[in-house]
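Down below is the structure, laid out as structure tokens.
The values are calculated or read from the model by the stated rules, or taken from the named source; none is laboratory data. This one's a predicted model, so the numbers in the text were calculated from it and none came from an experiment. Positions of Cβ are backbone-derived with ideal geometry, glycine not excepted, and every protein chain shown enters the neighbour counts. What goes into the accessible areas is simple: the full protein's heavy atoms, side chains included, and nothing from ligands, DNA or RNA. Shrake-Rupley method; radii C 1.70, N 1.55, O 1.52, S 1.80 Å.
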Amino acid sequence: MKFQNADLRGASLVGANLRGTNFRRANLLDSKLRDASVQGAIFDYAKLRNSDLRGVQGVAATFIGSDMEGSILDDADFRTAKFSFANLSKASL
């Protein structure tokens, strides 16, 4: 699936299967991805400020250059995920 450059502000994707989905440069501000499966998904340069990613399964996902300020990442599995140049300030880890 491709949501590249999509405007998904405030979207509820709770528990969704989003494996391998392309969210490059998508606007996901204030979105809810709690318990979603995003293994191998691409969130490069996406806007994820204040988003709920608790319990996300994000093995091998990429968040290069993403803005994740204030997001909730508690209990998420990001083994081998890439966060180069991502903004994680004020994020709950």
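What to note about this one:
- Highest mean packing comes first when the peptides 50-59, 70-79, 6-15 are listed by Cβ atoms within 10 Å, giving 50-59, 70-79, 6-15.
- Label-point gap, in nm, between Ser92 and Asp77 - each point 7 angstrom along Cα→Cβ: 2.1
- Three-way shape call for the range 1-46 based on the alpha-carbon gyration tensor, with the a/c threshold at 1.5: oblate
- Over the range 40-88, accessible surface divided per residue gives 44 Å², non-protein components excluded, 1.4 Å probe.
- Local electrostatic count, Phe23, Cβ distance below 11 Å [Lys/Arg +1, Asp/Glu -1]: +3
- Computing Cα Rg over 2.2 N^0.38 Å directly from the structure and comparing it against [x] 0.89; [y] 1.00; [z] 1.19 singles out [x].
- Length-normalised contact order for the range 1-58 - Cα pairs under 8 Å, 6+ apart - percent: 34
- Carbon plus sulfur fraction of accessible area for the chain, probe 1.4 Å, in percent: 48
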